[in-house]
Amino acid sequence: MQPNDISPFIKATKSVFDTMLRLPVSFGKPTLGQSNIPKDWHVTGIIGLSGDLVGAVAVMFPRATAKACVEALAGMEVDFESEMFADAIGELANMISGAAKAQYDGKDISISCPSVIVGPGNSFHSHSNTHTVCIPCDADGSSFCIVVSLQNVVASEAKVAA
Amino acid sequence: MKVLIVDDSKTMRSIVKNCLGGIGYSDVEEACDGQDALEKVAQCKPGLILLDWNMPNMNGIDFLKAYRAKGGKAPVVMVTTESEKARVIDAIRAGANDFVVKPFTPDVLAKHVNRTIEKAQAA
């Protein structure tokens, strides 16, 4: 995985949170592999990538963080069980992936419509021929993470200063 | 003036609708994809269309091509994450008048909406 393969997702996440949620976001050290991906969080928004970059991006939240982020985006109270809740998580994943995609200048990349999983204990498992990086994030004191899982890249180079 | 917001995300339609209300455009119709939008434009004859790109059933560009092919004249502002140069060129060729990249602030959306309407009225 090339260094520049991760930094677009960090920049995109910061841009989306600054602009649309008006929440300060900071980043921990990205880690390779799936061992640091949380397994007990409630909400995951997933976008598939195809074309010159193949894989998936997942935005994973504990329940309380997801609710805070959804309400910051929507500008109103949103019930955890409502259709609007999953829709907002999907739109967050969509904007982060889309804003990251735009930074891969000259590459032809398509993103899928979002899928959203809401429920306790969901976990992320990537295909064996992908390299996966977990980017820990903090939005105004609440943890969440971005998981980027990409094919055909060199994993050993995924050391990106957040 | 009636504004048609076309986006598969209910959340995004709500955000855009609030932005429009803030600059005096409260007569808003919503469509959830390109197919739905083709039906809505025939019914509500919008003066402005705000159009997402990636949507199920029919995407924004296919809607735009179909709308222009049928003689649709309302100005169209793309509101999308698709911001690469090639995509912008594709959209302009298909008949888009302006482009707002997600994420956006209310001020940026307002500026593009007002500018697009002013240009359309001057033409």
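Contact map, the stretch A:66-91: residues that are open to solvent by 40 Å² or more (accessible area, probe 1.4 Å) paired with residues that are of a type in the set (Val, Ile, Thr), Cβ distance under 8 Å, separation 6+ or inter-chain. Pairs shown: A:67/A:78; A:71/A:78; A:75/B:15. Pairs linking a residue in the stretch A:99-122 that is within 26 Å of residue B:90 (Cβ to Cβ) to a residue that is part of a helix (DSSP H, G or I) and open to solvent by 50 Å² or more (accessible area, probe 1.4 Å), with Cβ atoms under 9 Å and 6 or more positions apart or on different chains, are A:99/A:11; A:100/A:11; A:103/A:4; A:103/A:11; A:104/A:4; A:105/B:85; A:108/B:86. Out of the residues in the stretch A:32-55 meeting the condition of being outside any loop (DSSP other than H, G, I, E, B) and open to solvent by less than 40 Å² (accessible area, probe 1.4 Å), tell me which one is farthest from residue B:11 (Cα to Cα). Among those residues, the one meeting the criterion is A:55. Among the residues making up the stretch A:101-118, those that are within 27 Å of residue B:57 (Cβ to Cβ) and more than 9 Å from every other protein chain (Cβ to nearest Cβ) are A:115, A:116, A:117, A:118.
Within the stretch B:66-123, if we keep just the residues that are within 14 Å of chain A (Cβ to nearest Cβ) and aromatic (Phe, Trp, Tyr), the residue that is least open to solvent (accessible area, probe 1.4 Å) turns out to be B:104. A count restricted to the stretch A:119-136 and to residues that are hydrophobic (A, V, I, L, M, F, W, C) and either more than 24 Å from residue A:42 (Cβ to Cβ) or within 14 Å of chain B (Cβ to nearest Cβ) (or both) stands at 0.
Checking the condition open to solvent by less than 10 Å² (accessible area, probe 1.4 Å), within 15 Å of residue A:135 (Cα to Cα) and at pLDDT below 95, which residue from A:1, A:60 passes? Walk me through how you get there before you give the answer.
Details: A:60 fails: at pLDDT below 95.
It is A:1.
With the structure loaded, tell me whether residue A:126 is of a type in the set (Ser, Thr, Tyr) and in contact (Cβ under 8 Å) with a residue 40 or more places away in the chain or whether it fails that test. Yes: the conditions hold for residue A:126. Applying the set (1) away from chain B (no Cβ under 14 Å); (2) over 14 Å from residue A:98 (Cα atoms); (3) in contact (Cβ under 8 Å) with a residue 60 or more places away in the chain to residue A:35 leaves exactly one unmet item: (3). Does the stretch B:1-20 contain at least one residue that is open to solvent by 10 Å² or more (accessible area, probe 1.4 Å), closer than 25 Å to residue A:19 by Cα and touching a strand residue (DSSP E or B) at 6+ places or on another chain (Cβ under 7 Å)? Among the residues of the stretch B:1-20, at least one is open to solvent by 10 Å² or more (accessible area, probe 1.4 Å), closer than 25 Å to residue A:19 by Cα and touching a strand residue (DSSP E or B) at 6+ places or on another chain (Cβ under 7 Å), which makes the answer yes. Among the conditions (1) in contact with a Ser or Thr (Cβ under 6 Å, 6 or more places away or on another chain); (2) away from chain A (no Cβ under 14 Å); (3) open to solvent by less than 10 Å² (accessible area, probe 1.4 Å), the only one that residue B:52 does not satisfy is (2).
Residue B:42 passes every criterion in (1) closer than 20 Å to residue B:108 by Cβ; (2) surrounded by fewer than 17 Cβ atoms within 10 Å (Cβ to Cβ) apart from (1).
The values are calculated or read from the model by the stated rules, or taken from the named source; none is laboratory data. Computed from a predicted structure; not experimentally measured. Positions of Cβ are generated from backbone atoms using ideal geometry, with glycine treated the same way; all protein chains shown enter the neighbour counts. Ligands, DNA and RNA are excluded from the accessible area calculation, which covers all protein heavy atoms including side chains. Shrake-Rupley method; radii C 1.70, N 1.55, O 1.52, S 1.80 Å.
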